[in-house]
1. Do you know which of the residues in segment 378-432 that are aliphatic (A, V, I, L, M) and either surrounded by fewer than 24 Cβ atoms within 10 Å (Cβ to Cβ) or assigned to a helix (DSSP H, G or I) (or both) is modelled with the lowest pLDDT?
2. Collect the residues in segment 205-258 that are among the aromatic types (Phe, Trp, Tyr) and closer than 16 Å to Ala294 by Cα, keeping them in residue-number order.
3. With the condition being under 16 Å from Val361 (Cβ atoms), I'd like the helices (runs of 4 or more DSSP H) fully within segment 456-563 carrying at least 3 qualifying residues.
4. Please name all residue pairs, on different chains or six or more residues apart, with Cβ atoms under 6 Å, provided the first residue is in segment 529-555 and is closer than 15 Å to Ala352 by Cα and the second residue is open to solvent by 20 Å² or more (accessible area, probe 1.4 Å) and acidic (Asp, Glu).
5. Here is a check on your reading of the model: is Ser38 more than 23 Å from Ser337 (Cβ to Cβ), under 27 Å from the mean Cα position of the chain (by Cα) and at pLDDT 65 or above?
6. Quick check on Ala202: is it at pLDDT 55 or above, touching a His at 6+ places or on another chain (Cβ under 9 Å) and surrounded by fewer than 20 Cβ atoms within 10 Å (Cβ to Cβ)?
7. Residues in segment 264-283 that are more than 18 Å from Val212 (Cα to Cα) and either open to solvent by 10 Å² or more (accessible area, probe 1.4 Å) or of a type outside the set (S, T, N, Q) (or both): how many?
8. Suppose we filter Ile258, Ile234, Ile254 for residues that are touching a strand residue (DSSP E or B) at 6+ places or on another chain (Cβ under 8 Å), open to solvent by 10 Å² or more (accessible area, probe 1.4 Å), touching a residue at least 60 places away in the same chain (Cβ under 8 Å) and over 24 Å from Glu476 (Cα atoms); which single one remains?
Amino acid sequence: MLGKKTILTLLMACCTTLAWASPTNPETTTRVIVQANSAEAALQAVQSTGGKVERLLGIINAVSADLSDDQRTLLTKMAGIRVIEDANVKINGRDDDDEDDDEKEDKKKKKKKKEKKNKEKKSKDKKNKDNKDKGKDKRSEREARDDDDERDDHDERDDDDKREDTDERNVTDVKNESNNTVFSGLRALFDAVSTDDVPPVAFPGLIGADQVHDAGISGNGVTVAVLDTGFDIIDGLERKAEGGWRSIHGYDSINDSIWTAWRDPNGHGTHVSSIIVNSDTTTEGGPTGIAPNANLVYVKAFDREGRASYVSVISGLNWILENRERLGVRVLNLSFSATPRSHYWDDPINQAVMRLWDAGVVVVASAGNNGPDPMTIGVPGNNPYVITVGAMSDNYTADPSDDVLTSFSSAGPTHEGFIKPEIVAPGGHIRAVMFALTAQIAREHPQFQINENYFEMSGTSQAAAVVSGVVALMLEAKPWLTPDDVKCQLMASARPARSADGSLAYSIFQQGAGMVDAVAAIDSNELACANRGLNVRADLDGTAHFAGLANRDAEGNYYVMGLDGFLWSNGFLWSNGFLWSNSAMETNGFLWSNAFLWSNAFLWSNSLETEGFLWSNGFLWSNSEVDTSVNRWVDQE
């Protein structure tokens, strides 16, 4: 007969077995972001519930974790702990299902017209296409060798990274050495790319970047970080315009690892990066990138399908913050846009972006492709500190009098009353690098492939990249500028679109201060004209939050409180022809960049509710996919 002690021991063992050895019915967990007053406190809180910590997100005093419902309930009851669902992020562009039949028919006609115009334009580049067969052979060879090269590159990059941690030499020098080894296989595939493969591009000349290059300013010594879908190697992205290899570093925030496989199966990230740093010269001898001598840091946060999560995006931003000094990061390009789910200060991505701004990184964000309606600026473009960029188009002509604001460009104000975007830049039918045979976007829209390596695409993503390149030029010329200084000088030197009578051709909620002007931005000495009244550190520590001066009257018109002449109806203010003014907006016009402390009694809270946004002091977060886009596709304009 078994004694009581033996029976108790067996029962305990049995219970332990049942508790730990039941893989057939594991407890369901959910990925969340857990915030506290520090990342360490968040880590300890999760561990106290038995939850699994996935990674640290120190940039927002948080961790990502996999929790059961019971563990999540325990955490929400802890003082000072905030639990946020890790929302999915996806590329989706504009949704045709939301349009009525007339809008769809209108869009079809417009698309046919654009395609016809594009086909006529592309026929002029026939000699560029003569090299297409040669390019295909090169790409086929590349595809056959990708796996072997990737394994070799991984081993070699690991060795380089270890050496870099202990080497006291300049980071660029070390990377130049590793480039000679790492890219030796790929380089042979692309060295044969001639100027005949590079079609004419218009956007550098539209903003005066070519004139800045002629003055000897091309982004030297400035590192631009890009968080996107990936990065493909081509000669113009690997080499600087002045000769020599570009310093390139990468991080894969999806897998939380150093990124060594320089590939972009989606295409969006390569296109954006090309606009910023491409050093190729066109068949006409012109530039193809805004800052062709800048260095590049690449963070892959979106996958082949253009999907990401808040955790992968924030993890990428966290890595940039931790490595910004070592790599010399001064500029960050964010060409994606998410539907706001909270006040700007409560959104985790916006919190990370503010931390980078406070650390001295100039953040440039796309406005989004959800225009032309008002209040369509997404995250992180709705962040009042950053430089938010809308898109304009040259209308396929060299005549500036027929330039237009693109119809897809998202418009302000934000839900807290801030005027956005700050500026606009070329974002219509932009030609930049995208591989025809490997990029998903190119395969889905083959009619816009110029040749094997170059693709034509529209969006505020492209416009943001143009401005990121201009910021790199500014920081080479004036390395002492702070992020607020850069924003001020970009706005003060921008050229607003004006009608023949001198009035604004577009509302400031659509064009901000106007179109970016690289020459004028370099020459500007303006200071203290942006982000006045804001305090990023107070925003981050929660002691103060802010509202802008935009409001809406009883008739639904948007206006700037305290200023006349800025009334905008709900309709899309459109101009068929105008000139970008050579003079910047009047000094008084920059009063709209002011801010004041947020109040629950602020008038905007009433209008927000009628727009379908329910805001409260708590964090409103949807468990469904966030309507977020890397601004992948809109019709060419």
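1. Once the filter is applied, the top-ranked residue is Ala398.
2. Hits for segment 205-258 are Phe231, Trp245.
3. Because the criterion is at least 3 residues that are under 16 Å from Val361 (Cβ atoms), the helices (runs of 4 or more DSSP H) in segment 456-563 that meet it are 460-477, 483-493, 536-541.
4. Going by the 6 Å Cβ cut-off, the qualifying pairs are Val536/Asp358.
5. Answer is yes for this residue.
6. Yes.
7. Total satisfying the criteria: 8.
8. Ile258
The values are calculated or read from the model by the stated rules, or taken from the named source; none is laboratory data. Only a predicted model underlies this, so the values are computations on that prediction, with no experimental measurement involved. Here the Cβ is made from the backbone with ideal geometry for all residues, glycine too, and neighbour counts use every protein chain on show. These accessible areas exclude ligands, DNA and RNA; they are computed on the full protein's heavy atoms, side chains included. Shrake-Rupley method; radii C 1.70, N 1.55, O 1.52, S 1.80 Å.
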